[in-house]
Amino acid sequence: MEQNTHTGRWWGADDDTITREAITTTAAVFPGIPRTVLTSRVSRRDPALVVRPPGGYAALRAFNARRRTADPRIQLAGDYFGPSSTYGALRSGEHAATRLLEHLSLL
Ligand SMILES: Cc1cc2nc3c(=O)[nH]c(=O)nc-3n(C[C@H](O)[C@H](O)[C@H](O)COP(=O)(O)OP(=O)(O)OC[C@H]3O[C@@H](n4cnc5c(N)ncnc54)[C@H](O)[C@@H]3O)c2cc1C
């Protein structure tokens with residue numbers, strides 16, 4: 001693991017240090033988070049690969065805008081259509097269902 005990368009600098013840190021850093025960093029965005037953490041598990045994955053390339057979210061935004069109207073009878077959902085998370089996948093399904101219902105009510 002290269003020491004000059006973000007992952008390389010953190011790879012050898014113990015789980016408690018990584019957890020503390022993750023909670024501190026997350027608290028900058030969600031201030032109440034530290035009070036809610038009951039337990040944690042650090043998972044080190046090697047190799048791990050971020051599949052979306054630089055600029056990929058801009059291309060995805062354009063694609064998402066197009067597919068709203070391209071053929072409203074075909075609606076796709078899943079974590080591909082936003083940042084990968086179970087919540088993103090769920091919201092994507094809800095959006096797809098909403099678009100489909102809107103289209104069907106217009107028929
Ligand atoms: C290691 C790891 C850790 C993660 N940790 C978190 C986390 O902590 N929190 C979080 O929110 N998210 C996490 N995620 C992301 C989260 O798991 C995904 O974003 C979410 O599961 C995506 O849901 P989905 O329904 O879009 O796709 P999936 O859950 O991948 O479901 C797609 C389904 O389609 C099936 N399928 C594929 N091709 C075909 C085909 N041709 N025919 C029929 N079926 C097919 C697959 O077998 C699969 O069951 C993690 C993902 C990974 C890999």
Note on the range 67-107: residues of a type outside the set (S, T, Y), modelled with pLDDT of 85 or more and closer than 24 Å to V50 by Cβ are L76, A77, G78, D79, F81, G88, A89, L90, R91, G93, H95
Note on the range 23-45: residues of a type outside the set (A, V, I, L, M), away from the ligand (no atom under 16 Å from the Cβ) and surrounded by 10 or more Cβ atoms within 10 Å (Cβ to Cβ) are T24, P34
Restricting to the range 64-107, count the residues that are in a helix (DSSP H, G or I) and more than 16 Å from the ligand (Cβ to nearest atom). 14
So L90 passes all but one of these: (1) in contact (Cβ under 8 Å) with a residue 24 or more places away in the chain; (2) out of contact with any Ser or Thr (no Cβ under 8 Å at 6 or more places or on another chain). Which condition number does it fail? (1)
Whichever residue in the range 1-59 is of a type in the set (D, E) and part of a loop (DSSP other than H, G, I, E, B) and, among such residues, is farthest from S85 (Cα to Cα): E2
For T5, only one of the following conditions fails: (1) over 30 Å from L107 (Cα atoms); (2) β-branched (V, I, T); (3) assigned by TED's automatic domain parsing to the domain that holds A96. What is its number? (3)
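The values are calculated or read from the model by the stated rules, or taken from the named source; none is laboratory data. Here the structure is a predicted model, which is why all the values come from computation and not from measurement. Cβ atoms come from the backbone with ideal geometry, glycine included; neighbour counts cover every protein chain shown.
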